[in-house]
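Data block below; observations after.
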Amino acid sequence: MTDDVKEIFTGGTAPPAPAALAAKVRTLAPSMTRSMQRVAEAVAQDPAGCAALTVTGLAELTGTSEATVVRTARLLGYPGYRDLRLALAGLAAQQQSGRAPAVTADIAVDDPIADVVAKLAHDEQQTLADTAAALDTVQLGAAVAALAQARRVDIYGVGASSLVGQDLAQKLLRIGLIAHAHTDPHLAVTNAVQLRSGDAAVAITHSGSTGDVIEPLRVAFDRGATTVAITGRPDGPVSQYADHILTTSTARESELRPAAMSSRTSQLLVVDCLFIGVAQRTYETAAPALAASYEALAHRHGPRTR
């Protein structure tokens with residue numbers, strides 16, 4: 001693995017805290033090799049047991065090699081296996097104190113609706129907690145600064161991600177920024193061509209490999225705009241054209257809970273963080289703009305008069 005790739009996964013920061021370890025595993029496991037997945041799944045499912053194992057012991061437990069264990073530790077953001085063991089011990093202590101919830105079972109086709117509500121609520125809470133724990137606040141702050149200063153903001157997303165993009169555009173418009181969410185890939189590219197230095201572009205793609213989202217972001221990047229990627233795969237192709245990467249987490253997928261459902265929750269949290277950050281930085285203009293939009297729409301929410 002190259003230093004550049006390590007930088008993408010670790011964010012160039014200190015190793016993730018124990019609370020963020022489980023989130024890191026859930027986020028990165030789908031992009032790992034199968035042998036590395038076995039190591040990641042083992043440490044996530046039994047942190048206390050794995051913390052007591054040597055690197056050789058964990059390799060034997062997962063049917064992998066010592067080199068695979070070390071590579072997995074580094075991929076998760078730890079300099080070596082010793083650092084991963086310390087994080088596992090910390091995570092185990094949190095779980096024993098009751099601060100870390102157990103993972104619920106997948107939703108079954110014959111589950112009572114009350115169980116569906118409980119399982120979805122738990123998964124949504126876990127997804128939000130994972131996203132918050134793994135979100136790089138330095139990258140977030142830089143993205144906020146770029147959007148707050150931008151002449152205009154273009155936002156790209158397709159499918160479920162397009163709904164999140166529209167939500168961000170609407171929020172930014174209400175505080176006086178010029179923002180457009182593009183769902184048509186042709187219009188997205190033709191608009192990206194008009195961007196330049198001082199503009200910003202945001203790509204939203206859970207997979208990190210959606211061509212219709214990557215293409216306009218690449219054009220915006222080439223034109224000199226500041227680019228931001230909101231993605232569940234920080235190692236995906238979209239990262240090549242992103243000045244700032246905001247990583248989202250997802251709940252476990254199942255037959256009745258596809259990626260589009262689980263990714264949307266974490267994407268909306270990141271969008272809300274961006275919006276609040278921008279509103280804070282532009283408060284003197286944002287507050288009056290927001291008040292004006294409320295006033296303009298107030299008559300639509302009250303009783304109609306003849």
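Selection of region 80-112 for residues being outside any helix (DSSP H, G or I), at pLDDT 75 or above and open to solvent by 80 Å² or more (accessible area, probe 1.4 Å) yields 109, 110.
For region 245-258, indicate whether the set of residues that are at pLDDT 95 or above and either surrounded by fewer than 18 Cβ atoms within 10 Å (Cβ to Cβ) or under 30 Å from residue 193 (Cβ atoms) (or both) is non-empty. Taking every residue of region 245-258 in turn, at least one turns out to be at pLDDT 95 or above and either surrounded by fewer than 18 Cβ atoms within 10 Å (Cβ to Cβ) or under 30 Å from residue 193 (Cβ atoms) (or both).
Scanning region 134-142 for residues that are within 20 Å of residue 29 (Cβ to Cβ) and either open to solvent by 60 Å² or more (accessible area, probe 1.4 Å) or out of contact with any Gly (no Cβ under 8 Å at 6 or more places or on another chain) (or both) turns up at least one hit. Within region 186-201, the residues that satisfy the criterion of being within 19 Å of residue 211 (Cα to Cα) and open to solvent by 40 Å² or more (accessible area, probe 1.4 Å) are 186, 187, 190, 191, 193. Restricting attention to region 31-52, the residues being open to solvent by 50 Å² or more (accessible area, probe 1.4 Å) and either among the aromatic types (Phe, Trp, Tyr) or not in a helix (DSSP H, G or I) (or both) number 3. Restricted to region 144-200, and to residues that are of a type in the set (Asp, Glu) and free of Cβ contacts under 8 Å to residues at least 60 places away in the same chain, which residue is farthest from residue 281 (Cα to Cα)? Checked region 144-200; the qualifying residue farthest from residue 281 (Cα to Cα) is 184. Being in contact with a strand residue (DSSP E or B) (Cβ under 8 Å, 6 or more places away or on another chain), in contact (Cβ under 8 Å) with a residue 40 or more places away in the chain and not basic (Lys, Arg) is a property that does not hold for residue 130.
The values are calculated or read from the model by the stated rules, or taken from the named source; none is laboratory data. Keep in mind that this is a model prediction, so the values were computed, not measured. Because the Cβ atoms are built from the backbone with ideal geometry, glycine has one as well, and the counts that use them run over all protein chains shown. The area values use the complete protein model at the heavy-atom level, side chains included, leaving out ligands, DNA and RNA. Shrake-Rupley method; radii C 1.70, N 1.55, O 1.52, S 1.80 Å.
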